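Here the structure is laid out as structure tokens; the discussion comes afterwards.
The values are calculated or read from the model by the stated rules, or taken from the named source; none is laboratory data. Please read these numbers as outputs of a predicted model, since none were measured by experiment. Every residue, glycine among them, receives a Cβ derived from its backbone with ideal geometry; neighbour counts consider all protein chains shown. These accessible areas exclude ligands, DNA and RNA; they are computed on the full protein's heavy atoms, side chains included. Shrake-Rupley method; radii C 1.70, N 1.55, O 1.52, S 1.80 Å.
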Amino acid sequence: MDNIQKEHEKVWNNSKLSRTTGHVDDIIRSLQRARNAIAEDPTSRQITLAKLQNPVKTSFDGIFSGLKDTHGLHNKYTRALDKVFKDKVPSSEIDALSTHPALINRAVYLHLLREGLFEVASTLHSEALERQQAQQEIAAHLELDLSMEHPLGLDENKEESMQEQFSNMYHILSELKDHHNLQPAIDWARSNATALEARGSNLEFELCRLQFVNLFLDRREEDQYDFEAPIRALQYAQREFQSFRGRYLVEIQQLMGAIPFCSNLEESPYSLRFNNSTTWDEVATSFTREFCSLLELSADSPLYIAATAGAIALPILLKLQTIQKQKRTEWTSANELPVETPLPPSYQFHSIFVCPVSKEQTTDLNPPMMLPCCHVIAQESLQKLSKGAKFKCPYCPVESHPKEAKIVIL
């Protein structure tokens, strides 16, 4: 797998450093200049075209050279993949997702939105719609009753809303990462303060604390004294930290305690809070996680997690397949893997829930249900306790109606 990763990085770096686009732009500019020159003076056509040959030929040579290098890297990448994944998947294998194209399209579409590839996502959407329309026309021609769901498994309004939301997220992330401008992220956190507080999130304070640190370290050309930047940070704290005093008093006191050490901050007990090189990345990650959580999505792309987990598990399964062929045995278990697959802790999810009331494991027919108080019980236990009317949670005094319970997807 290390060799595959190495070749993949070469292809990726080559795609980012490719000069082919630049050569194409040079050709276009040369042609435009030649056209303008001939339009101004038609008698100069032959001389202008003669001067155009060498630069255009040079640019084409650069394009072909770049394409040759890219083609060579792709060939090496393909050979590295073939070397690791030697066995071909038998055509008789059952593809569990082949009957659910909308799920696949939705996973790819949401992944593209998460990566900020909005044009590619729009193209996927339009092509999926075109395929669906073609299938409906064929069915109508054959007089078949063919009912189809949305090709992405999404409501049209929700789809537009999600694209707009992710576009907003990438705008805020761009301001945060590229320009160290925290204000758009702070404004978003404040506009969603109620939902974030319900989640127990501290995102708004993290952003304001980083803004304080940013002001504290911001030495400007017009500053006459070293303490002017800390004074600006103090004024910001007096203005913005009032609402955080109850919950984050200790953190605020530590920030205030650093002000007297502004001239020798590195030797102070607070140096780590002001010289942490990973702070901006951590805040960006926290913002992305909270943003996705309010959209009821995981912080990481499910498609990326599934593909990575599959890449980790595939060599083990291929080896198992080889052993089974040699011993002429078959894999008879349909719902679980026949061997342990070592996945990293971040890829391990607890997918089994045992109802604390009935002491029974939940199933698809008896799913876990979350009450408004956030306690979770099985659906059958909910029905027995409530009997269709308002009831008290078995673990806290909060009363609710069974209609208010939400299904939990593990």
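Scanning region 253-270 for residues that are within 15 Å of LEU210 (Cβ to Cβ) and open to solvent by less than 20 Å² (accessible area, probe 1.4 Å) returns LEU255, ALA258. Of a type outside the set (A, V, I, L, M), free of Cβ contacts under 8 Å to residues at least 12 places away in the same chain, open to solvent by 40 Å² or more (accessible area, probe 1.4 Å) and under 30 Å from GLY116 (Cβ atoms) - does that describe any residue in region 197-211? Yes, because at least one residue in region 197-211 is of a type outside the set (A, V, I, L, M), free of Cβ contacts under 8 Å to residues at least 12 places away in the same chain, open to solvent by 40 Å² or more (accessible area, probe 1.4 Å) and under 30 Å from GLY116 (Cβ atoms).
Of the set (1) open to solvent by 40 Å² or more (accessible area, probe 1.4 Å); (2) part of a loop (DSSP other than H, G, I, E, B); (3) at pLDDT 80 or above, all apply to LEU297 but (1). Beta carbons closer than 6 Å, at least 6 apart along the sequence or on distinct chains, pair a first residue in region 296-321 that is under 17 Å from ILE409 (Cα atoms) with a second that is open to solvent by 60 Å² or more (accessible area, probe 1.4 Å) and in a helix (DSSP H, G or I) for ALA299/ARG289.
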